[in-house]
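Read the structure below first, then the notes.
The values are calculated or read from the model by the stated rules, or taken from the named source; none is laboratory data. All values derive from a computational prediction rather than experimental measurement. Here Cβ is always computed from backbone atoms with ideal geometry, including for glycine, and neighbour counts include all displayed protein chains. With ligands, DNA and RNA removed, areas are computed over all heavy atoms of the protein, side chains included. Shrake-Rupley method; radii C 1.70, N 1.55, O 1.52, S 1.80 Å.
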Amino acid sequence: MAEGLRERKKRQTKQRISDIATGLFLERGFAAVTVADVAEAADVSVNTVYNYFPAKEDLFLDRGADMADRLSRWVRGRRAGESAADAVLRELRALVEGVSPTVGLFAGYADFMRVITDSPALRSRLWAFQQESLRDLETTLRAEAGPGGGHLPDLVAGQLDWLHAGVLAWIGAQMVQGRDPREVSREALVLIDEMEEVLGERVLNYAVRDAS
């Protein structure tokens, strides 16, 4: 369905507020900037900011909800004949190969991470998103694989979460050093191959989508 004018304006306003807030946080630090500061810089009311971002942390981690749903979304969208792990590996490789900012491959990553590192509130919110992602994936795998799975859905979810988190953590560690995103992308693809080899057959072949 095509995006309507009202929806597009709301999306653009939300993005503008987030971009302005991010600039302020990068310049001054998360704790030193208030929601009122963001509202003033964006020329909107404080209530408008809260309408789009329920918590101050959401202004900086504005893609947190997408991150929390990412693995489950990939699994639900897997192709015919593809397992849950196949889908995660394919989608993750595509983002890394495309040098996507959504996996940390962008100039300025070190500055972005410094804001998070210096803020207990942001670190706590990021951890909560990661836990939400794992729980959501466990639920998705139970639904996709059908009844009688015992502990296997949780175990597979843990392995896929490890894969995803491990790749992002490695990319982050390299980007903090100021490396070229394209170089890190090429090396991360090798890392993904190595991590895939570590996964057992039960994980790699779990929840294969019926080809019919």
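Please calculate how many Å² of accessible area the range 1-79 carries per residue, with a 1.4 Å probe and no DNA, RNA or ligand atoms counted.
59
Can you give me the relative contact order of the chain as a percent, contacts being Cα pairs under 8 Å and 6 or more apart?
27
Please say if the range 25-149 is rounded, prolate or oblate, where rounded means a/c under 1.5 for a ≥ b ≥ c the square roots of the C-alpha gyration tensor eigenvalues, and otherwise the choice is prolate for a/b larger than b/c and oblate otherwise?
The shape class here is prolate.
Whenever you get a sec, compute what percent of the accessible area on the chain sits on carbon and sulfur atoms (1.4 Å probe).
The nonpolar share, carbon plus sulfur, comes to 52 percent.
Expressed in nm to one decimal, what extension gain is obtained for the pair ASP180 and GLU201 from 0.36 nm per residue of sequence separation less their Cα-Cα distance?
On the way: separation 21, 0.36 × 21 = 7.56 nm, distance 3.46 nm.
Residue separation times 0.36 nm, minus the Cα-Cα distance, leaves 4.1 nm.
Suppose each label sits 7 Å from its Cα in the direction of the beta carbon; what would the ALA169-GLU97 distance come out to in nanometres?
2.6
Ignoring ligands, DNA and RNA, how do HIS164, HIS151 rank by accessible area with a 1.4 Å probe, largest first?
Listed by decreasing accessible area, they come as HIS151, HIS164.
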